[in-house]
1. Being under 30 Å from Lys205 (Cα atoms) and at pLDDT below 95 is the requirement here; does Leu232 meet it?
2. From Thr269, Thr256, which residue is loosely packed, with under 15 Cβ neighbours inside 10 Å and assigned to a strand (DSSP E or B)?
3. Does segment 291-298 contain at least one residue that is of a type in the set (A, V, I, L, M) and within 18 Å of Met158 (Cβ to Cβ)?
4. All but one of (1) of a type outside the set (A, V, I, L, M); (2) within 20 Å of the chain's Cα centre (by Cα); (3) loosely packed, with under 15 Cβ neighbours inside 10 Å; (4) closer than 30 Å to Leu30 by Cα hold for Tyr233; which doesn't?
5. Has segment 154-175 got any residue that is within 25 Å of Asn48 (Cβ to Cβ), over 14 Å from the mean Cα position of the chain (by Cα), among the β-branched types (Val, Ile, Thr) and assigned to a helix (DSSP H, G or I)?
6. Given the criteria within 23 Å of Ala56 (Cα to Cα), of a type in the set (A, V, I, L, M), in a helix (DSSP H, G or I) and touching a Lys or Arg at 6+ places or on another chain (Cβ under 8 Å), does Ala247 qualify?
7. Can you find, within segment 236-250, the residue that is farthest from Asn160 (Cα to Cα) among those that are out of contact with any Asp or Glu (no Cβ under 9 Å at 6 or more places or on another chain) and surrounded by fewer than 24 Cβ atoms within 10 Å (Cβ to Cβ)?
8. In segment 14-44, how many residues are assigned to a loop (DSSP other than H, G, I, E, B) and either out of contact with any Leu (no Cβ under 8 Å at 6 or more places or on another chain) or farther than 16 Å from Leu244 by Cβ (or both)?
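The values are calculated or read from the model by the stated rules, or taken from the named source; none is laboratory data. Small disclaimer: the values here were computed from a predicted structure and weren't measured. We place every Cβ from the backbone using ideal geometry, glycine too, and count neighbours over all the protein chains shown.
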Amino acid sequence: MTAKIPAIIDCDPGHDDVMGILLGARTMDLKGITTVFGNASLPKTTKNARYAVEVAGLEHIPIAAGYDRPLLREDESADDGAGAHGKTGLDGPVIHEPTVPILEEHAVDFIYRTAKETENLHLIPVGPMTNIGAAIRRYPDIVDHITEISLMGGSTTMGNATAVAEFNIWADAEAAHIIFTSGIPIKMVGLNVTRQVNATPAYRKQIRDMGSRTAVAVADMLDFYSERLKILYGLPGGSMHDPLAVAALIDPNILTFESMHVAIELAGTNTYGMTVCDYRGRRTDTGEPRGEKPNAEVAVAVDADRFWKLFLDILQTYP
């Protein structure tokens, strides 16, 4: 039997973040969950992570809180309930006050310590990239202890925070720049593929009909999230952004990747936070890339049916 990949999920729960936690906890050796500002304020995202592990019986997974704002800029991420995730960041289910503790250790220190102690560690940032960027800056040798980063962020096409910038990158583009220039192998799972995988009414009914405590909570989350995305973007269901970054490490047949150079736009008046993906291909005479050397594997296609089979099968295992 193949050993499970050791990983840390760095997140800002957020409905789809919870889906990523549920998928990762059963398919990986999940060393911890670290939280960051983003879909809501840090106290709210941390509470939501604690709630998620309690609902699903995952209290053994340590949780460490991280940054409550970007590295350099003012926090412009919305925390007013107008976005996809509501005022709590996890509107929909009735959220009890969680009792599971969080570590006293800051997320950045937890990430570094775990990287030093764990062979083959993978990082899965699915919120703003602040914690990971700060870890690389504070502990430069961490790059020698991370096997790969699979991140949900960016896009080869459109944005959602702005016309061209996806939220997780836009929320702290300087931190994202640190990651993409770190030399750590990267899988980038962006909006161009994640918006093709939606929690339609049929999938949500299938989840609710499972009847378990976790499945009902997930159905409540996805009902609210789906309705918000229908209003905001006209989508047929809640986009499964974050669990796809987990799935990218679990089943190589769910996503198709192409090697590209990805630059993070830091200075553009209208393009701050854009992932500039160079997919011009290679020269036919030399085989060299037409632009800069690729620094990421970028998702370009997704098998939505295969993802849903994996996710639904995993959800069946929860109480």
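1. yes
2. Thr256
3. Looking for residues that are of a type in the set (A, V, I, L, M) and within 18 Å of Met158 (Cβ to Cβ), one finds at least one in segment 291-298, hence yes.
4. Here Tyr233 clears every test but (4).
5. no
6. no
7. Here the residue is Ile250.
8. The qualifying residues number 6.
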